[in-house]
Structure formats: structure tokens, C-alpha cells
Amino acid sequence: MGRLSYLTQEELALEYQDIPRLKSNITRAVAHSPRLARLVAARGMYFRHESGLNARLRELAILQVGYSTRSSYEWAHHIDVALSFGVSEEDIRAIELETHGKPSHLEPLASAVLAAARSLTDDLTLPQEIFDKLAGAMSKEHLIDLFVAIAEYNGLVRVMAAIEIDIESEYLHYIERFPLPK
């Protein structure tokens with residue numbers, strides 16, 4: 001059990017019962033601060049449904065954050081999301097290869113997105129070479145959306161670690177199919 005209870009819709013004041021994604025444990029735990037939970041959920045919905053950033057690239061970046069931080073919750077949830085947005089199993093498996101400097105089938109832009117997510121996660125820097133590759137292939141709007149998505153999910157994995165979020169049973173099979181490094 002996580003360090004905080006997972007609130008149900010009924011446990012929230014009426015004005016907060018419409019918080020998106022209230023079925024996920026992270027949202028249910030963050031709902032102890034309901035205004036913040038609404039903002040966090042809205043930001044996730046922006047990335048998923050309103051941003052013009054390529055969905056495959058976005059999900060690869062988020063998956064790289066989950067992989068690099070070994071966040072089982074983030075990894076499992078975003079494998080589910082990624083597959084629904086057209087990311088292939090081969091793309092997901094390429095994250096391990098790319099992380100270890102091995103060649104993969106990914107095109108240069110996807111590799112650069114993964115490199116940016118790794119660098120910003122592991123080193124809190126972005127080498128000029130990676131920035132230039134991304135800036136040469138994306139609009140400034142999409143570049144900012146990518147960087148904020150990477151930052152957002154880096155923050156969320158730390159919240160998940162702090163309150164020890166439990167993975168819902170329906171996501172456990174993703175950890176078995178796509179194991180994280182030890």
C-alpha cells in the first residue's frame with residue numbers, strides 16, 4: 001500500500017469529483033491536494049490531446065524518463081498509453097538499446113528525443129548537439145512541449161517515489177513484457 005490513501009470520487013468535495021483520470025492511483029493520491037490534482041491531470045491531458053507534438057515522440061520521451069528512473073508505475077502506465085498512440089513494441093524495446101549506446105531501428109529524430117530525455121533526467125543538462133538536432137526538426141512550440149513533458153514526468157516519478165504509488169493490477173503485465181533494469 002502506498003504511503004497515502006487512494007481517494008475515491010465520493011471522498012472528494014463535489015467541485016473536485018470531475019478530476020480527470022481519477023481511476024489511476026497517482027491521481028487518487030495527489031487528490032489529497034485536489035486543486036493541484038486537477039492541474040496535474042489537466043497538464044497530462046494537454047500533452048495527450050492538445051499539444052501538436054508528435055505523440056510517438058512524446059511517449060518515447062516519457063518512457064525514457066520512466067526507464068531511466070526505473071519508475072515501474074510510470075513505465076507501465078506509459079507503455080499502455082504509448083501502444084494506444086502507435087508506438088510499437090520494437091520502439092519500446094529500442095529504449096534499452098539506445099540507453100546503452102547500441103544501435104536501434106529508430107530514426108535520428110526519435111534517437112535524439114531519447115537522448116534529450118536521458119540527458120535531462122540523468123544529468124540535468126542538454127548538450128548543444130542534441131538541442132540542435134531537435135531544433136532543426138521541430139517547431140519551437142513542439143520543442144518547448146517536449147522539454148516541459150520531460151520535466152513534468154521527471155517531477156511525477158519523484159512524487160510517485162516519495163509516496164510509493166502502487167501499480168494497478170491491470171498494468172502489471174507490462175512490467176513482465178518489458179522489464180526495467182535492476
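The values are calculated or read from the model by the stated rules, or taken from the named source; none is laboratory data. Worth saying up front: this structure is predicted, and the values here are computed from it rather than measured. Because the Cβ atoms are built from the backbone with ideal geometry, glycine has one as well, and the counts that use them run over all protein chains shown.
Those residues that are part of a loop (DSSP other than H, G, I, E, B) and of a type in the set (A, V, I, L, M, F, W, C), I need them from the range 92-142; list them, please.
Leu106, Leu124, Leu126, Met138
Quick one: which residue in Leu53, Leu7, Leu60 is crowded, with 16+ Cβ neighbours inside 10 Å and more than 16 Å from the chain's Cα centre (by Cα)?
Leu7
Find the residue count for the range 35-50, including only residues that are touching an Asp or Glu at 6+ places or on another chain (Cβ under 8 Å) and surrounded by fewer than 17 Cβ atoms within 10 Å (Cβ to Cβ).
1
Looking only at the range 122-141, which residues are within 22 Å of His100 (Cβ to Cβ) and surrounded by 15 or more Cβ atoms within 10 Å (Cβ to Cβ)?
Of everything in the range 122-141, those that are within 22 Å of His100 (Cβ to Cβ) and surrounded by 15 or more Cβ atoms within 10 Å (Cβ to Cβ) turn out to be Leu126, Ile130, Lys133, Leu134.
Within the range 96-112, is even one residue touching a residue at least 40 places away in the same chain (Cβ under 8 Å), aliphatic (A, V, I, L, M) and closer than 21 Å to Ile175 by Cβ?
Within the range 96-112, none of the residues are touching a residue at least 40 places away in the same chain (Cβ under 8 Å), aliphatic (A, V, I, L, M) and closer than 21 Å to Ile175 by Cβ.
Is it the case that Ser72 is at pLDDT 95 or above and either under 25 Å from His173 (Cβ atoms) or over 16 Å from the mean Cα position of the chain (by Cα) (or both)?
yes
For Glu98, all conditions in the list (1) loosely packed, with under 15 Cβ neighbours inside 10 Å; (2) modelled with pLDDT of 95 or more hold save one; what is the number of the exception?
Going through the list (1) loosely packed, with under 15 Cβ neighbours inside 10 Å; (2) modelled with pLDDT of 95 or more, Glu98 breaks only (1).
Cβ-Cβ under 6 Å, sequence separation 6+ or interchain: first residue in the range 162-182 and in contact (Cβ under 8 Å) with a residue 24 or more places away in the chain, partner loosely packed, with under 12 Cβ neighbours inside 10 Å and part of a loop (DSSP other than H, G, I, E, B). Which pairs?
Between residues of the range 162-182 that are in contact (Cβ under 8 Å) with a residue 24 or more places away in the chain and residues that are loosely packed, with under 12 Cβ neighbours inside 10 Å and part of a loop (DSSP other than H, G, I, E, B), the close pairs are Ile163/Arg3; Glu164/Arg3.
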